[in-house]
Amino acid sequence: MKVIEIEQPVPFSVGRNLRGLFVEMRPAEWSKNLLVFSGVIFSKSLTDPQNLWISLLGFLTFCAAASGIYIFNDLCDLTADREHPIKRNRPIASGQLNQNLARVAMLVLFAIATVGSLALSHGFALIIAVYLVTCLAYSLRLKDIVILDVILIASGFVLRAVSGAVLINVEVSEWLVLCTSMVALLVGFGKRRHELVLLEGTAGEHRRSLSDYSVEFLDSIMAICAGAAVITYALYTRADETVLRVGSRGMLITIPFVVYGVFRYLFLIHKRQAGGDPVQILFRDRPTLLNLLLWIATVGLVIYVPKIWHIG
């Protein structure tokens, strides 16, 4: 007589679920929220303890909002993620994190982001609200609309940068916003290209908008974004408001770092088949990380020690 084995449900493990929740919150992705500090850095307020503290609280608030969105997105994409060669290893898709626990954690994170943003300022709270609404709409429907899907992803980076200025009540540089937009679009379209190459013929089954993209089209639009990013950054460095705020034309010497960073990213996309996760590129590609650190150090010297620069 054939014995039928009944599959037993996996017992709930507190340790496993807590580890899964931590991974699901994607702490490595919090590096994107460092854009919140752009306001306090470029306004020469980094030495002001109050502004620095406010920016830190804004950073943590954005981390809560972003982590809540990551959980919401993975809950929405659960079925597709289980068929994806990489995303199937995420805690919710792999079963390492209980779905009900994930939902509770998501609501708690959204509550923290809402209360925290309102406590900081109404302007910052409005930015957090726009970010959450945009991301929720993206996860539910708008991610299937070609081109608009990447624009919405890029808007999240812009909102982070703008929020930093709003938090400490300083003027937002339009050139810096444009440059951030172009870099974010470059990264967003790079992610789409990586997905298209990775999934090949089944790309449209995992993400509907991928069926409307092609490698040739993405290469063309990435070239436009790359050029625009370099040009807008160069214009930002020599803008009158930048020179007045910094106290010199020293920001011009930071242009080579941006040029190298953009070209290095394109190299990794085309020659190393990277680009699926920009955060991994940042931490795993040593030339990219070194270039970023040198840019940060140079910007710091230019902004906070302006008297040593006599360019132009």
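Can you confirm whether ALA93 is buried (at least 19 other Cβ atoms within 10 Å of the Cβ), small (Gly, Ala, Ser) and either more than 30 Å from PHE189 (Cβ to Cβ) or at pLDDT 95 or above (or both)?
The answer is no for ALA93.
Listed here are the residues, each with its yes/no results for (1) among the basic types (Lys, Arg); (2) touching a residue at least 60 places away in the same chain (Cβ under 8 Å); (3) in the same structural domain as PHE42 (by TED's automatic domain parsing); (4) surrounded by fewer than 18 Cβ atoms within 10 Å (Cβ to Cβ).
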| site | (1), (2), (3), (4) |
| --- | --- |
| GLN99 | no, no, yes, yes |
| ALA113 | no, no, yes, no |
| PHE124 | no, yes, yes, no |
| LEU142 | no, no, yes, yes |
| VAL146 | no, yes, yes, yes |
| VAL150 | no, no, yes, no |
| MET182 | no, no, no, no |
| VAL187 | no, yes, no, no |
| GLU195 | no, yes, no, no |
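Which helices (runs of 4 or more DSSP H) sit wholly inside the stretch 218-296 and have at least 3 residues that are without any contact (Cβ under 8 Å) to a residue 12 or more places away in the chain, surrounded by fewer than 18 Cβ atoms within 10 Å (Cβ to Cβ) and over 18 Å from the mean Cα position of the chain (by Cα)?
255-271
Please enumerate the residues belonging to the stretch 84-131 that are part of a helix (DSSP H, G or I) and of a type in the set (S, T, N, Q).
ASN89, SER94, GLN99, ASN100, THR114, SER117
Can you tell me which residues in the stretch 34-59 are in a helix (DSSP H, G or I) and of a type in the set (Val, Ile, Thr)?
If the condition is that a residue be in a helix (DSSP H, G or I) and of a type in the set (Val, Ile, Thr), then VAL36, VAL40, ILE41, ILE54 are the ones that fit.
Just checking, which of ASN98, ASN73 is over 19 Å from VAL14 (Cα atoms) and either in contact with a Phe, Trp or Tyr (Cβ under 8 Å, 6 or more places away or on another chain) or among the polar types (S, T, N, Q) (or both)?
None of the other options fit; the residue is ASN73.
The values are calculated or read from the model by the stated rules, or taken from the named source; none is laboratory data. Keep in mind the model is a prediction, meaning the values are calculated, not measured. Cβ coordinates were reconstructed from backbone atoms using ideal geometry, including for glycine residues, and neighbour counts include every protein chain displayed.
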